[in-house]
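Read the structure below first, then the notes.
The values are calculated or read from the model by the stated rules, or taken from the named source; none is laboratory data. Keep in mind it's a predicted model, so treat the numbers as computed, not measured. Ideal geometry is used to build each Cβ from the backbone, glycine not excepted, and the neighbour counts take in all protein chains shown.
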Amino acid sequence: MVKLGVNVDHVATVRQARGISEPDPVAAAFLAELGGADGITVHLREDRRHIQERDVRLLKETIKTRLNLELALAPEILDFALEIKPYAATFVPEKREELTTEGGLDVIGHQTKLRPVIKKFQAAGIVVSLFIDPNLDQIEAAAAIGAQFIEIHTGRYCDAKNEDELKKEFSLIDHACITASNYGLRINAGHGLNYRNVVPVAKLPGIEELNIGHSIIGHAVYVGLERAVREMKALLP
Ligand code: PXP
């Protein structure tokens, strides 16, 4: 079965909009697990716009599933991650001005910096994943520097404006899965996935886990978080 990692960043986004203590992403993680989440994902951004250190610490202590921490290659965040020791660390690019993570990590361009960091994280018992575009050269580089997982960026597939674009983007993800498997990489995917577009991606051979945030948290406003997670889980093969 394809696993579902629920990203609870946007619960913290609502909290930060008021600067108070509610809603709490830690409480949300509990409900997501009740709904069948296989893991909880959060992104500790350098600007702390949603998730705070306190959230990551409490999630690590309280969740019953697995914590996947998304992070950029920023020294202060790397130190914090090594202290917390999440189950998995997913390296993402980060730009302060972006609304959300916009593209995959340039593994080729950052390999000198990434290689020792990956080693250090793995030595600390943390599973390492690299969030990359469905690009064969980036996949090859991810394998060469020793990552265990890649997370394929599904954003362009999800944003496709017409049928041709959708087919093209889907085929890139399909090829990326085949290439990654050939390199012995394990495969997650995510970004922009929702109740309407998730199934074809979930059915691709090799996909182990999907990380989904915005669509689930958005749907939860209408139906509650436990049910929103349950409905997404029910779509996964
Ligand atoms: N995977 C990664 C690496 C991400 O940065 C994000 C967004 O934080 C997601 C998955 C989830 O994307 P969405 O909120 O669009 O479901």
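Would you be able to say whether some residue in segment 113-133 is farther than 18 Å from G155 by Cα and among the hydroxyl-bearing types (S, T, Y)? Scanning segment 113-133, I find no residue that is farther than 18 Å from G155 by Cα and among the hydroxyl-bearing types (S, T, Y), so the answer is no.
Scanning segment 39-68 for residues that are crowded, with 20+ Cβ neighbours inside 10 Å and within 17 Å of R230 (Cα to Cα) returns G39, I40, T41. Pairs meeting the criteria (first residue in segment 1-16 and without any contact (Cβ under 8 Å) to a residue 40 or more places away in the chain, second residue near the ligand (Cβ under 10 Å from one of its atoms) and not basic (K, R), beta carbons under 6 Å, at least 6 apart or on different chains) are T13/H50; Q16/H50. In the set (1) surrounded by fewer than 21 Cβ atoms within 10 Å (Cβ to Cβ); (2) closer than 29 Å to T13 by Cβ; (3) in contact (Cβ under 8 Å) with a residue 40 or more places away in the chain, the condition left unmet by H219 is number (3). The set of residues in segment 134-148 being of a type in the set (A, V, I, L, M, F, W, C) and either within 16 Å of P116 (Cα to Cα) or surrounded by fewer than 17 Cβ atoms within 10 Å (Cβ to Cβ) (or both) consists of L136, A141, A142, A143, A144, I145, A147.
Would you please name the residue that is nearest to G213 (Cα to Cα), looking only at residues in segment 5-35 that are among the small types (G, A, S) and buried (at least 18 other Cβ atoms within 10 Å of the Cβ)?
G5
Only one of the numbered conditions (1) surrounded by fewer than 20 Cβ atoms within 10 Å (Cβ to Cβ); (2) modelled with pLDDT of 95 or more; (3) among the polar types (S, T, N, Q); (4) within 13 Å of the ligand (Cβ to nearest atom) is not met by T100, and that is (2). Go over the candidates G184, G192, G206, G213 one by one and state the one that is in contact (Cβ under 8 Å) with a residue 60 or more places away in the chain and either crowded, with 17+ Cβ neighbours inside 10 Å or of a type in the set (G, A, S) (or both). The unique qualifying residue is G213. Residue count for segment 53-92, restricted to those that are touching a strand residue (DSSP E or B) at 6+ places or on another chain (Cβ under 8 Å) and either more than 24 Å from H110 (Cβ to Cβ) or not charged (D, E, K, R) (or both): 24. Against the test of being modelled with pLDDT of 95 or more and more than 28 Å from E140 (Cα to Cα), the options T90, T62 yield a single qualifying residue, T62.
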